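The structure under discussion appears below in the form of structure tokens.
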Amino acid sequence: MSSGRAEKPLPDIPEEDGSRDDEKGFGNVFAELESVDLSLGTTLRSVYDDQPNAHKRFMEKLEVRIRNHDREIEKMCNFHHQGFVDAITELLKVRADAEKLMGQVTDTNRRLQDAGREVTAQTEEVIRCRIQQRNMTTTVERLQLCIPVLEMYSKLKEQLQSKRHYAALKTMEQLEKVFIPRVSRYRFCQIMADNLPKLREDIKDISMSDLKDFLESIRKHSDKIGETAMKQAQQHRTFNSVVQKQDSGMGYTKPVYSLNGRTPTQHNGLAAAEEGVEDDQSEEEVLTAQDLVDFSPVYRCLHIYTVLGDRETFENYYRKQRKKQARLVLQPQSNMHETVEGYRRYFNQIVGFFLVEDHVLHSTQGLLTRAFTDELWNMALSKITAVLRTHSSYCSDPDLVLELKNLIVIFADTLQGYGYPVNRLFDLLYEIRDQYNETLLKKWVLVFREIFELDNYSPIPVETEEDYKSVISRFPFHDAEIEKQDFPKKLPMSQSVPQIYVQVKEFIYASLKFSESLHRSWTEIDDMLRKSTNLLLTRTLSGCLQNLIKKPHIGLTELVQIIINTTHLEQACKYLEDFITNITNVSPETVHTTRLYGLSTFKDARHAAEGEIYTKLNQKIDEFIQLADYDWGMPESDGQASGYLMDLINFLRSTFQVFTHLPGKVAQTACMSACKHLSTSLMQMLLDCELKQISMGAVQQFNLDVIQCELFASSEPVPGFQGDTLQLAFIDLRQLLDLFMVWDWSTYLADYGQPTSKYLRVNPSTALALLEKMKDTSKKNNIFSQFRKNDRDKQKLIETVVKQLRSLVNGMSQHS
């Protein structure tokens with residue numbers, strides 16, 4: 001054990017003169033040796049490179065320092081030894097007590113488990129008996145509640161079999177109000193409750209067979225009643241329409257829009273189809289609902305139920321049955337949307353039904369009320385609008401939708417004459433107009449597709465003055481320079497441009513036809529036309545243009561023509577706005593006037609065509625690159641550029657000549673994109689992982705090809721580039737090839753990372769990858785010449801450069 005006081009240090013070893021300097025020097029050496037951050041090599045070298053006897057003196061000083069450290073370690077161990085021994089002794093005592101306590105706890109737990117098993121079993125048995133006793137008591141109580149209900153229902157069945165209907169109704173009333181509510185949670189009671197209305201309806205059906213015959217009669221005659229009323233309303237509407245047009249002098253006489261070979265004059269309501277028989281019908285006797293149906297049964301039943309004091313039941317029954325019939329009438333046939341006759345029958349039945357209700361309302365006192373008929377009409381109106389909305393969505397023929405619109409107008413006018421509100425029907429027509437426009441849009445999709453398929457995508461040749469006037473009569477084109485040219489000449493757009501412009505005007509006429517007789521102002525009609533025209537431009541025409549641009553057979557020449565076409569169509573949008581204004585006489589300066597979105601449509605299409613030009617140009621470059629067939633092991637170059645590359649450059653020259661008609665930025669962007677893609681493809685070819693070896697001759701041949709690319713870039717294939725902007729697309733390749741051609745590794749490694757470096761664009765990993773390929777080639781070619789000094793020096797130089805490049809690459813990866 002230590003005495004707790006510090007021991008005296010050993011006496012110093014006597015030294016010769018200069019020992020103080022040695023002491024100070026060796027102190028520094030020991031400090032460096034004991035440091036973990038410094039290298040030992042330099043320190044030990046300083047010991048051996050010093051004075052001749054320095055090593056011996058160093059060893060002596062080292063022995064003294066070791067003894068000092070040993071004494072300090074011994075003192076530290078002596079100081080802490082007794083505490084460690086005491087702690088171990090205490091732990092051994094606690095261990096014995098813990099084992100004893102563990103045994104006692106285990107024994108206590110076992111005895112408690114044994115004692116509780118029997119108690120648990122007896123408790124579970126008691127619980128089971130109590131549950132059985134409770135279930136038996138509950139079952140007896142529930143059966144006592146259900147027996148009276150079953151007895152009453154049995155009594156009801158006996159009364160029905162003996163045809164004591166009045167007593168049966170009383171029994172049913174007791175069941176509903178007294179007995180069934182007590183046990184309503186049982187399923188058999190729910191079945192009874194659901195069956196009682198049916199039994200009551202059976203009693204009513206038996207006691208009112210005459211009324212059923214009447215209801216069946218009016219159901220059969222509703223179609224004829226409605227047909228007669230709608231014909232009369234149609235004749236009245238046609239007469240009023242003729243008078244209004246004669247008074248106002250307005251109307252559309254130009255038969256521009258035609259579907260299925262029919263002109264607009266054939267769409268004027270239903271008058272044209274019935275014009276030949278109108279005179280004969282006016283001479284016939286006008287039939288009414290009372291002439292077609294005998295209403296006496298309903299009058300008799302109403303009187304009988306009034307005398308018996310059960311008028312309300314009869315009224316409810318009648319109204320309920322009429323509601324059922326209304327639902328049947330309102331239920332359309334599944335194929336109603338296929339023909340106009342299907343819609344006509346549907347409307348005839350509804351008109352007939354509500355004309356009968358109107359007659360009963362006015363010929364009886366209280367059987368029907370205005371509130372009931374209004375409720376029934378509102379229910380029917382909701383169903384009608386839902387049915388028409390659904391079935392009109394199935395219509396793909398604009399003619400059929402237009403005829404449906406005319407039928408709805410006649411239907412609404414007929415019922416409005418009997419006091420039924422029909423505003424919701426006209427609101428529905430506003431919705432169906434959107435569906436009508438959808439069918440028009442689908443039709444015009446086919447029209448536009450056909451125009452694009454038949455277009456030759458070349459400027460329109462104009463041989464004579466008549467040809468020129470024919471074109472500008474269909475499309476608003478004005479160019480002073482072209483007008484000054486002599487015939488024959490060419491207009492910049494292709495034949496599809498005037499055709500598309502004419503078809504957009506045709507669409508406007510077709511959309512206008514639906515707005516007739518909708519009781520809308522010209523401002524609203526103007527807004528409708530502009531919105532539908534916007535849909536045609538932004539969705540239909542835009543979609544057709546986008547699909548056209550993406551088609552594989554559309555080449556670069558066609559894409560250039562498409563860009564020119566969209567430019568002229570964009571300029572013509574203002575004339576379409578003037579065209580709509582001339583139709584509606586609504587000033588375009590009106591606050592709520594919708595503007596046409598054709599500008600954005602054609603701009604988007606033009607941008608898509610430009611993007612497709614860039615893509616197809618790159619794809620064509622890839623096709624030429626795939627024809628490359630380099631001999632990567634060639635000893636020296638051929639002295640001239642590769643054939644595939646010269647073909648590629650000739651292709652690019654001819655292609656960019658076609659781009660002269662495009663806006664400058666488009667042509668410049670396409671040229672820069674092509675040069676960058678060519679540069680990237682050549683770099684990828686050079687660094688391909690599957691390419692294992694490259695000779696210097698192959699690098700020289702590759703350099704000749706890159707020189708041709710640079711010459712092409714410097715020849716300004718597209719005007720507008722400043723300086724050597726286009727040549728910068730090949731700067732990465734140029735610096736990489738210069739580095740290998742000149743073999744200027746010392747400059748590259750010395751200037752690496754400097755902004756003024758000659759090879760600033762050469763990445764170390766790229767240079768390393770290419771050098772590895774050339775190193776393998778060098779090894780293969782120098783198998784038998786490895787003993788020559790020049791070859792050995794060159795091989796060592798390559799190995800050295802490879803190591804330095806790897807260190808640069810590793811440094812970059814660590815920083816990243």
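The values are calculated or read from the model by the stated rules, or taken from the named source; none is laboratory data. These numbers come from a predicted model, not from an experiment. Reconstructed Cβ throughout: ideal geometry from the backbone, glycine too, with neighbour counts over all protein chains shown. The area values use the complete protein model at the heavy-atom level, side chains included, leaving out ligands, DNA and RNA. Shrake-Rupley method; radii C 1.70, N 1.55, O 1.52, S 1.80 Å.
General remarks:
- Vicinal HN-Hα couplings computed from phi for the range 104-109 (Karplus, 6.51 cos²θ - 1.76 cosθ + 1.60; Hz; Gly/Pro x): 5, 5, 4, 5, 5, 4
- Taking the Cα centre of the range 473-551 as origin and assigning +1 to Lys and Arg Cβ atoms and -1 to Asp and Glu Cβ atoms, the resulting dipole is close to 380 debye.
- J(HN,Hα) series, the range 720-732, from Karplus relation 6.51 cos²θ - 1.76 cosθ + 1.60, nearest Hz, glycine and proline x: x, 7, 9, x, 9, 4, 5, 5, 5, 5, 9, 5, 5
- Using R0 = 60 Å, the C-beta based FRET efficiency linking GLU375 and LEU143 works out to 0.85.
- Which listed pairs, of LYS177/LYS212; LYS177/LYS198; LYS155/LYS212; LYS551/LYS574; LYS676/LYS803, have C-alpha distances above 20 Å, in listed order: LYS177/LYS212; LYS155/LYS212; LYS551/LYS574; LYS676/LYS803
- Taking amide H as placed 1.01 Å from N in the peptide plane, the amide H of MET634 sits under 5 Å from that of SER695, ALA698, each at least 5 places away or on another chain.
- Ordering 129-135, 432-438, 346-352, 149-155 by mean Cβ neighbour count within 10 Å, with the highest value first, yields 346-352, 432-438, 149-155, 129-135.
- By average C-beta atoms within 10 angstrom, highest first, the peptides 180-186, 560-566: 560-566, 180-186
- Dipole magnitude (debye, nearest 20) for the range 608-665, charges at Cβ of Lys, Arg, Asp, Glu: 440 debye
- Estimated FRET transfer efficiency (ASN763, ALA31; beta-carbon r; R0 56 Å; 0.05): 0.80
- Modelled FRET efficiency - R0 45 Å, SER715 with GLU506, Cβ distances, 0.05 increments: 0.40
- Stretching ASP751 away from LYS551 to a fully extended chain increases their span by 66.9 nm, per 0.36 nm per residue minus the current alpha-carbon distance.
- Linear extension gain, MET646 paired with GLN104, 0.36 nm per residue minus alpha-carbon span: 185.2 nm
- Distance between the modelled labels on ILE707 and ARG449, one decimal in nanometres: 5.5 nm (7 Å Cα→Cβ projection).
- Residue-by-residue Karplus 3J(HN,Hα) for the range 338-344, coefficients 6.51, -1.76, 1.60, Hz, glycine and proline x: 7, 9, 5, 5, x, 5, 4
- Accessible area per residue in Å² at 1.4 Å probe, computed on the range 553-687: 48 Å²
- Accessible area per residue in Å² at 1.4 Å probe, computed on the range 357-397: 43 Å²
- Stretch gain in nm, segment GLN795-THR313, where the contour uses 0.36 nm per residue and the Cα spacing is subtracted: 162.0 nm
- Three-way shape call for the range 635-677 based on the alpha-carbon gyration tensor, with the a/c threshold at 1.5: prolate
- Extreme residue, positive dipole direction of the range 394-499, given options LEU402, GLN499, PHE475 (C-beta unit charges): LEU402
- Near the amide H of VAL462, within less than 5 Å, lie the amide hydrogens of LYS489, LYS490, LEU491, all on another chain or at least 5 residues away, with H placed in the peptide plane.
- Each of SER162, PHE79, ALA193 was scored by the projection of its Cα onto the charge dipole of the range 79-223, and the greatest displacement toward the positive side belongs to SER162; charges sit on the C-beta of Lys, Arg, Asp and Glu.
- Note on ILE583 and THR89: their simple-model spin labels are 11.4 nm apart, each label 7 Å out from Cα toward Cβ.
- Among 473-483, 114-124, sorting by the average number of other beta carbon atoms lying within 10 angstrom of each residue, highest first, gives 473-483, 114-124.
- Computed label-point distance, nm, for sites GLU466 and GLN571 using a 7 Å Cα→Cβ extension: 2.7 nm
- Ordering ILE707, LEU599, SER695 by Cα displacement along the dipole of the range 580-719 toward the positive end leaves LEU599 in first place; charges were set at the Cβ atoms of Lys, Arg (+1) and Asp, Glu (-1).
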